[in-house]
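Written out below as structure tokens is the structure these notes cover.
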Amino acid sequence: MSKNPWMKWSFNTTKETDRRCWTDEELALLNEAQWEHRSISRRTYAGMVNVALYTGLRLGEICNLRCQDIENVQGVACFQIRPHPEDGWSPKSAAGTRLVPIHSQLIKAGILEFLKPDQHFLFPDLANSTSGVRGASFGQAFSKLKTKLGFPAEITFHSFRHTVSTKLRNQDASFRELWIDRVLGHEASHRSQGTMNYTSSIDVRNLQSVIEALEFPSFRMEIPDA
């Protein structure tokens, strides 16, 4: 009996969905969308979406922000993305540990008002899933919302990060690629010792100039008062 020549081969025929950026029209529709969730407030939803669009932070990074992770560095309010071993959480990679200046639009929207005395997490009404993933229910609820709005499968919460990255890399400005990589927590394309040392010592004002270049004229999602 002849052997099957394909027996040791595995063919994955599942088609992956390529994520894409948000369009201005889609962001405009998102402004007035009705958020409905029993335990996650509209305030938390609006705060997280604003943070995602004006920083490019990953969903896991946003969900795990602590109040202590907002710091003033060289006169600039920043999110400090860093490991929290006491809670068993750390950024996706070494490059993920970074400072991200807080966009003036975020401050104007009231993101700093989420800070409360003796409050651990910036968004305290997020819960851990049974597998220990903080904010998993938020991700599921956001997916249902965007589907309800008629947005395609290519649009996900991670699309905010794609949008930020694309916007920054298409800016007609004197931003160095390394500055953008540093803000987004990407590994530098050239891993020389000189590059690594330079990346770790980029002035926060340069990072702030990168963040402040983000503009979304069609997006005006209000953050409700506490």
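Of all residues being at pLDDT below 90 and of a type in the set (Ser, Thr, Tyr) in the range 81-128, which is least open to solvent (accessible area, probe 1.4 Å)? Just the residue, please.
By that ranking, first place goes to Ser93.
From (1) assigned to a helix (DSSP H, G or I); (2) touching an Asp or Glu at 6+ places or on another chain (Cβ under 8 Å), pick out the condition that doesn't hold for Leu112.
(2)
A quick yes/no check of all residues on (1) closer than 18 Å to Val133 by Cα; (2) more than 13 Å from the chain's Cα centre (by Cα):
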site: Ala28; (1), (2): no, yes
site: Asn31; (1), (2): no, yes
site: Ile40; (1), (2): yes, yes
site: Met48; (1), (2): yes, no
site: Val51; (1), (2): no, no
site: Tyr54; (1), (2): no, no
site: Gly60; (1), (2): yes, no
site: Val73; (1), (2): no, yes
site: Ala77; (1), (2): no, yes
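For a quick check of your reading of the model, give me the residue pairs whose first member lies in the range 31-54 and is farther than 17 Å from Gln105 by Cβ, whose second is of a type in the set (D, E, K, R) and in a loop (DSSP other than H, G, I, E, B), with beta-carbon atoms closer than 7 Å and at least 6 apart or on different chains.
Going by the 7 Å Cβ cut-off, the qualifying pairs are Ser39/Asp125; Ile40/Asp125; Ser41/Asp125; Thr44/Asp125.
Test Leu214 against the stated conditions and say whether it is in contact with a Leu (Cβ under 8 Å, 6 or more places away or on another chain) and modelled with pLDDT under 95.
Here the answer is no, as Leu214 does not meet what is asked.
Hey, can you tell me all the residues within the range 116-148 that are more than 19 Å from the chain's Cα centre (by Cα), farther than 17 Å from Gly88 by Cα and of a type in the set (Ser, Thr, Tyr)?
Thr147 - this is the single residue of the range 116-148 that is more than 19 Å from the chain's Cα centre (by Cα), farther than 17 Å from Gly88 by Cα and of a type in the set (Ser, Thr, Tyr).
The values are calculated or read from the model by the stated rules, or taken from the named source; none is laboratory data. Note that the structure is a prediction, hence the values are computed from the model and not measured. Neighbour counts are summed over all protein chains in view; Cβ atoms, including those assigned to glycine, are modelled from backbone coordinates with ideal geometry. In case anyone asks, the SASA skips ligands and DNA or RNA and just uses the protein heavy atoms, side chains included. Shrake-Rupley method; radii C 1.70, N 1.55, O 1.52, S 1.80 Å.
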